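K.L.:
Quick one: structure below, then a few questions.
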DNA sequence: GCAGGTTCGACAACCATGTTGTCCATTACT
DNA sequence: AGTAATGGACAACATGGTTGTCGAACCTGC
């Protein structure tokens, strides 16, 4: 097989998609239609202190404009609120709503359940080992899940421009 | 830690991105600027017999229109040619050019090299085991790498998991 | 041989999610 | 106070998908 390398990549993608697709579907089933990982990520960043668009952009490694668009969606769905920042009139302070937190909570729960399923299939020790390897291989660089079609996108570092 | 499930997903994505980003960058370094996994996939499908837009769409699980757009790019870059099909005047027969094959070949080579690096890090046996687990977990469903921002996209009810 | 359905490919409009670039108000710095 | 930096808005555009529609070519049944 001359494609084991590429296959490995596909397999990794497959694993990710499998989890995320299932989680998204389950979240929808529970009444949170159309919640996507990116939303969760953004909310998490907001909850973690990225309480304005520019900062959120920085944390998510996207432009502030992109962050603003995401925020608009989150706000529209009632997952975050935006109020004037009393300390800085330029800012609009973001806050995750109870509904937003609820979605995050359920998301976590679902992912835990999915992981537990995998664990049941191959055993806890084996999954732990698997995760260890994965961590080793991936390293510590934070993972970006950004650009539309990033699978097919130009990547900053090199080809860039 | 209540996020091990989600972290597992991220880790998988990280692994995929790590490989793909490296491969894309390396391919660019070798003069094939802007070649993306989706291109490779499409070329592979063409080479494997999807020699018209509609068929390609089917194989890639995207609409024929989307396939047509991809083909346009591939053609523009000289990776595929389009000629009238002598047997069916509706069709434009696709063929991967030598350049296209070259890109595929180099892509494979690069992925192999990346996999070999991982192998060197954790050992062949361990990597094999890792891949086995991954295969078990992912199953045999073909992996789609389609929709723009699929990470953040609505997913048809199937869930895929 | 031809009517009617199916398929191919093209075009246009649109959605989603990014990106630059520009601009103004506000804040921070010197 | 004057100037730089920052936050956010808006507009234009790139990418890569999606529907919807349509004409031309093919296929099938009568």
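K.L.:
What are the distances, in nm and sorted shortest first, from the label point of residue A:30 to the label points of the same position in each other copy, with each label point placed 7 Å from Cα along the Cα-to-Cβ direction?
P.N.:
Copy-to-copy label distances at residue A:30, shortest first: 4.5 nm.
K.L.:
With only alpha-carbon atoms counted, please give the Rg and Dmax of region B:69-131, in Å.
P.N.:
Cα-based Rg and Dmax for region B:69-131 come out at 18.4, 54 Å.
K.L.:
Using a 7 Å offset from Cα along the direction of the beta-carbon, what are the separations from residue B:105 to the same position in each other copy, nm, ascending?
P.N.:
Listed shortest first, these distances are 5.9 nm.
K.L.:
Suppose a student asked you for the relative contact order of region A:14-140, using Cα pairs under 8 Å spaced at least 6 residues apart; what percent would you report?
P.N.:
This gives 21 percent for region A:14-140.
K.L.:
Determine which residues of region B:19-54 fall in the zone a paramagnetic label at residue B:99 would reach in this model, i.e. backbone nitrogen under 13 Å from the point 7 Å along Cα→Cβ.
P.N.:
Only B:31-35 pass the distance filter.
K.L.:
Averaging over all projection directions, find the projected area of the Cα convex hull of region A:14-140 and quote it in nm² with one decimal place.
P.N.:
9.0
K.L.:
Compute the FRET efficiency between residue B:30 and residue A:29 as 1/(1 + (r/R0)^6), taking r as their Cβ-Cβ distance and R0 = 41 Å, and round to the nearest 0.05.
P.N.:
About 0.35, to the nearest 0.05.
K.L.:
If the convex hull of the alpha-carbon atoms of region A:1-71 is projected onto planes in all directions, what is the mean projected area in square nanometres?
P.N.:
6.3
K.L.:
Label position 7 Å from Cα toward Cβ: report the copy-to-copy distances for residue A:83 in nm, one decimal, ordered from shortest.
P.N.:
7.0
K.L.:
Ranked highest first by average number of other Cβ atoms within 10 Å, how do B:111-121, A:87-97 line up?
P.N.:
Result, highest mean Cβ count within 10 Å first: B:111-121, A:87-97.
Since every read-out is calculated from the coordinates, none of them should be taken as a lab result. Computed from a predicted model, the values in this text were never measured in an experiment. No Cβ is skipped: glycine too gets one built from the backbone with ideal geometry, and neighbour counts run over all protein chains shown.
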